[in-house]
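The values are calculated or read from the model by the stated rules, or taken from the named source; none is laboratory data. Treat the numbers as computed from the prediction; the structure is a model and nothing was measured. Every residue, glycine among them, receives a Cβ derived from its backbone with ideal geometry; neighbour counts consider all protein chains shown. Side chains included, ligands, DNA and RNA excluded: accessible areas come from the protein's heavy atoms. Shrake-Rupley method; radii C 1.70, N 1.55, O 1.52, S 1.80 Å.
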Amino acid sequence: MKLEPAIFDDIDEAHDAAAIAEARAEIAAGEFVSHEAAKAWLLSWGTPNELPPPKVGE
């Protein structure tokens, strides 16, 4: 029985390079959520003081 190829078997290097370039540009422009803000939000889940999702720049 031959297995169907997985979606990750074909690597689109041009697409990957474009996605990486876009991510680097967003980081350089400060368009990201910090690890600390994301962690605080996740740790608040299920508590009485649940935080709203962090915004870009936090």
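Quick check for me: using +1 on Lys/Arg Cβ and -1 on Asp/Glu Cβ, what's the dipole size of the chain about its Cα centre, in debye to the nearest 20?
It comes to approximately 320 debye.
How high is the relative contact order of the chain? Use alpha-carbon pairs under 8 Å, at least six apart in sequence, and give a whole percent.
Answer for the chain is 31 percent.
Counting only protein heavy atoms and a 1.4 Å probe, tell me what percentage of the chain's accessible area is made up of carbon and sulfur.
Here it works out to 62 percent.
Using the Cα atoms of the chain to build a convex hull, what is its mean projected area in square nanometres?
7.1 nm²
List the trypsin sites (Lys or Arg not before Pro) within the chain that fall in a DSSP loop (any state other than H, G, I, E or B) and whose Cβ has at most 11 other Cβ atoms within 10 Å.
2, 55
Describe numerically, in nm with one decimal, the distance between label points set 7 Å from Cα along Cα→Cβ at residue 20 and at residue 42.
Result: 2.4 nm between the two label points.
For the chain, with the dipole built from +1 on Lys and Arg beta-carbon atoms and -1 on Asp and Glu ones, taken about the Cα centre, which of 1, 11, 29 lies farthest toward the positive end?
With unit charges placed on the Cβ atoms, the residue in question is 29.
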